[in-house]
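Presented below is the structure to which this report refers.
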Amino acid sequence: MAARAMSLATMVLAKMVLATMALATMAAFGPRVALAKSPTCEGCHAEEPADVIRFLDGELRSVRVNPQTVIDSVHGGEVSCQDCHRDQKKHPHDQANYLNARDFRIAMSKTCNRCHYAHFTRLEESVHQKQLAKGDVDAPTCVDCHGAHDIEPPRSLRAGVSERCGSCHEDVVKKYAMSVHGAALAKGDPDVPVCTDCHGAHKIEDPEAYKFHAGSYLICARCHADAEKMKRHNLNPDVLSTFLDDFHGSSNRLYTEVGYVPEAPVATCGDCHGVHDIQPFSHEGAASDVRRRVSEACRKCHADAPDDFADAWLAHKAPSMSSSPLVWGLTWTYRILIPMILLGLIMHILLHLWQVGTHAPKRKHS
Ligand code: HEC
Ligand code: HEC
Ligand code: HEC
Ligand code: HEC
Ligand code: HEC
Ligand code: HEC
Ligand code: HEC
Ligand code: HEC
Ligand code: HEC
């Protein structure tokens, strides 16, 4: 019995070896037709009409892929079909069992991680990835932002960034498009921020978190404290220094440095100006109207601030004799008085030492 099983096994093995040898000979010396039929990805996937993937929810997707699309992409020549699709080596492939197209994309996106590990780890720390891990399948993967076969150089299309983010954040993009930044971008201004200048692309932080809010003035400062850039737009480049000199900015900086979280968040740039809906401040109308408009911005936090409340604030101006004589006067008084007092103190000590050294009565030693 055992011997019969043995001989059967040997026979099967011998047949397999023969078949393999025949195939190998065909591949080496056989007609060209046999070579063309060897299963390359393009051989099946560039065909028309193409086969389909069946998702479990009933949706069908054509598996036709134009190889030229991949060649024209950033990966052209360097990354092949198999580099990304490592599970499709067997033909026919294993039956794909994806719930739906979204499930398929999330699974396929993992293929990018192998070669772009740095971007993957950055994405891991983002709000998007955390949301995805919580089961929110609408959060973006690499493929939602970059595509799969038709990936373009990501920095070339600045204006396209808001469209890309906007495919999911429609409300924000609408607001942004009407803002001073968005309007300038539409006119081709390269100096204004797009979504990724403020949020980053991969490691997007939670914007509601205290740390992000408190530090957000540094984002604005990248451009608004850049004297050359601001000169091109005829804007005041001192908005950062004046912010840091006043109560909000100095408290904010101090709290951040010592790691203290105050009960009420201190105003940063965005609390007075907005972030996605920033408009230039209007100076139209009477002085009292302008003043009232400034106070409106303050009432968000100082609820019952009267219209003259904003007079307590220097409106991004370094104090001058004409704009705020009291602050200016006091500043200069201190600037002159304090060094004079210090100088007087030092002089006093020096004179005292000199007096002790030269005029002290000589002691008699006996
Ligand atoms: C003999 C023809 C054939 C060859 C060769 C072939 N495919 Fe396919 N492929 C198919 C068919 C048919 C489907 C759709 C049915 C299915 O899901 O298996 C498919 C589906 C796919 C899918 C959809 C997801 C999945 O897992 O089903 C991917 C991705 C894919 N192929 C990649 C490749 C790559 C990469 C190669 C080259 C290494 C390749 N294919 C070679 C016929 C082929
Ligand atoms: C840079 C990686 C990458 C390369 C290179 C690549 N693919 Fe894909 N492919 C993907 C990803 C990711 C998806 C999922 C796309 C989606 O969710 O829309 C995909 C989807 C597919 C599908 C399913 C149908 C579709 O279009 O969604 C097929 C079939 C396929 N690829 C075949 C190929 C073939 C054939 C090549 C070579 C000519 C190739 N791929 C090259 C990453 C790649
Ligand atoms: C087999 C390795 C490999 C895989 C898998 C892969 N890439 Fe790439 N990728 C490269 C190489 C190599 C380059 C070209 C060199 C470079 O610019 O870093 C590149 C370039 C890029 C660029 C352009 C970089 C630049 O600075 O212009 C983007 C964007 C990109 N890949 C995204 C993806 C996405 C998204 C996926 C998954 C769908 C993916 N890659 C999968 C290797 C890979
Ligand atoms: C929310 C959208 C988004 C997601 C998700 C995303 N990217 Fe990007 N990526 C961008 C944008 C936008 C850029 C352009 C650079 C910039 O503005 O910082 C970029 C740039 C890149 C670059 C070019 C090099 C660089 O840093 O400028 C590579 C490579 C890249 N991404 C790969 C990936 C990979 C891999 C994944 C997934 C692990 C991924 N990206 C996920 C939006 C995204
Ligand atoms: C495929 C859809 C998609 C794309 C593309 C996308 N996002 Fe998101 N984003 C989400 C989802 C889903 C959430 C989590 C739910 C929410 O808070 O809206 C989220 C959350 C966020 C948050 C946190 C919101 C909060 O209230 O905590 C920010 C900030 C953000 N995205 C910025 C961006 C930027 C910038 C881009 C472009 C580079 C982008 N997103 C592209 C889907 C997307
Ligand atoms: C000038 C910098 C800046 C730009 C440009 C910008 N954001 Fe924001 N965004 C912020 C700040 C700061 C916050 C946090 C709000 C706060 O501190 O009150 C935020 C909050 C968010 C939030 C969560 C709160 C909300 O309003 O839903 C999302 C989502 C978001 N941004 C997406 C985007 C997208 C998409 C774009 C591009 C159209 C974009 N942002 C452009 C600075 C910016
Ligand atoms: C990438 C650079 C950049 C960043 C980051 C940036 N801005 Fe701007 N901003 C500009 C430029 C350039 C203009 C001038 C646009 C124009 O000429 O129409 C401008 C215009 C403005 C204006 C209108 C000024 C006026 O009266 O005309 C305000 C207010 C403003 N930004 C506030 C902010 C705030 C608040 C932030 C941070 C949340 C910020 N900006 C981030 C570049 C930037
Ligand atoms: C307490 C509220 C408040 C804070 C905080 C604040 N601003 Fe302002 N900012 C204003 C008001 C009000 C005006 C209009 C004042 C005027 O022109 O009389 C203004 C004017 C501006 C202008 C226009 C300047 C010009 O040349 O006309 C810019 C740009 C600006 N702010 C940016 C910033 C930036 C960047 C920050 C953070 C570093 C910031 N602001 C912080 C309230 C504020
Ligand atoms: C985002 C909320 C917020 C906005 C908007 C805001 N402030 Fe404040 N402000 C604060 C907080 C919080 C403090 C307390 C600072 C501290 O802890 O030292 C403060 C402190 C002050 C102080 C110091 C005296 C005091 O009450 O502690 C003055 C004066 C002041 N703000 C004026 C203004 C003016 C003028 C505006 C409008 C142009 C304004 N603030 C807008 C939150 C805000």
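Values quoted throughout were computed directly from the atomic coordinates according to the rules given, and no laboratory measurement underlies them. Remember, predicted model here, so these are calculated numbers, not experimental data. Every residue, glycine as well, gets a Cβ built from its backbone with ideal geometry; the counts of neighbours run over all protein chains shown.
Details
- Of the GluC sites (Glu not before Pro) in region 261-310, the ones in a loop by DSSP (not H, G, I, E or B) with at most 13 other beta carbons within 10 Å are Glu263, Glu284.
- Label-point separation in nm, Asp189 to Glu78, each point 7 Å along Cα→Cβ: 3.5 nm
- Candidate cross-link partners of Lys211 among the aspartates and glutamates, defined by an alpha-carbon separation under 16 Å and a same-chain spacing of 8 or more, comprise Glu125, Glu257, Glu263, Asp271.
- Helix 325-359 and the longest principal axis of the Cα set of the chain meet at an angle near 70°.
- Overall form of region 293-360 per C-alpha gyration tensor (a/c, 1.5; a/b vs b/c): prolate
- Kirkwood Rh and Cα Rg combined as Rg over Rh, evaluated for region 213-327: 0.95
- Straight-line reach from Lys174: taking Cα to Cα under 19 Å and skipping same-chain neighbours fewer than 8 places apart, the aspartates and glutamates in range are Glu163, Asp189, Asp197, Asp277.
- Taking 0.36 nm per residue of separation and subtracting the current Cα-Cα distance, fully stretching the chain between Arg64 and Ser251 would add 61.3 nm.
- Gain on full extension, evaluated as 0.36 nm per residue between Asp150 and Asp307 minus their Cα-Cα distance, stands at 50.9 nm.
- Averaged over residues, the count of other Cβ atoms within 10 Å places the peptides 342-350, 69-77 in the sequence 69-77, 342-350, highest first.
- Pairs beyond 24 Å (Cα-Cα), from Lys134/Lys300; Lys89/Lys130; Lys175/Lys300; Lys130/Lys300: Lys134/Lys300; Lys89/Lys130; Lys130/Lys300
- Helix 2-29 vs. the chain, principal-axis angle (Cα, 0 to 90°, nearest 10): 70 degrees
- For the chain, a Gaussian network of Cα nodes joined below 10 Å ranks Ser156, Ser126, Ser109 by mean-square fluctuation, and the top entry is Ser156.
- Applying 1/(1 + (r/R0)^6) with R0 = 35 Å to the Cβ-Cβ distance of Cys41 and Val172 gives a FRET efficiency near 0.35.
- Nearest-20 debye value, the chain charge dipole, Cβ charges on Lys, Arg, Asp, Glu: 1540 debye
- Counting only the Cα atoms, the chain fills a convex hull of 426 Å³ per residue.
- Relative packing of peptides 221-228, 53-60 - highest average C-beta neighbours within 10 Å first: 221-228, 53-60
- Segment Ala209-Leu235, length gained on full extension (0.36 nm per residue, minus Cα span): 6.4 nm
- Value of relative contact order over the chain, rounded to a whole percent, pairs C-alpha under 8 Å and six or more apart: 9 percent
- The simple spin-label model puts a point 7 Å past each Cα toward its Cβ; for Phe281 and Leu330 those points are separated by 2.0 nm.
- Computed from point charges on the beta carbon alone (+1 for Lys and Arg, -1 for Asp and Glu), the dipole magnitude for region 40-156 about its Cα centre is near 380 Debye.
- About its Cα centre, the dipole of region 242-366 is roughly 1260 debye, where the only charges are +1 on Lys and Arg Cβ and -1 on Asp and Glu Cβ.
- Residues whose amide H comes within less than 5 Å of that of His149, counting only those at least five positions distant or on another chain, are absent (H built at 1.01 Å from N in the peptide plane).
- Pair Val180, Ser288: separation of 7 Å Cα→Cβ label points (nm): 2.7 nm
- Computed over region 40-156: relative contact order in percent, which uses C-alpha pairs under 8 Å that are six or more apart: 25 percent
- In degrees, nearest ten, helix 210-224 long axis to first principal axis of the chain (Cα): 80 degrees
- Taking the charge dipole of the chain about its Cα centre, with +1 at Lys and Arg Cβ atoms and -1 at Asp and Glu Cβ atoms, the residue from His213, Val258, Pro237 reaching farthest to the positive side is Val258.
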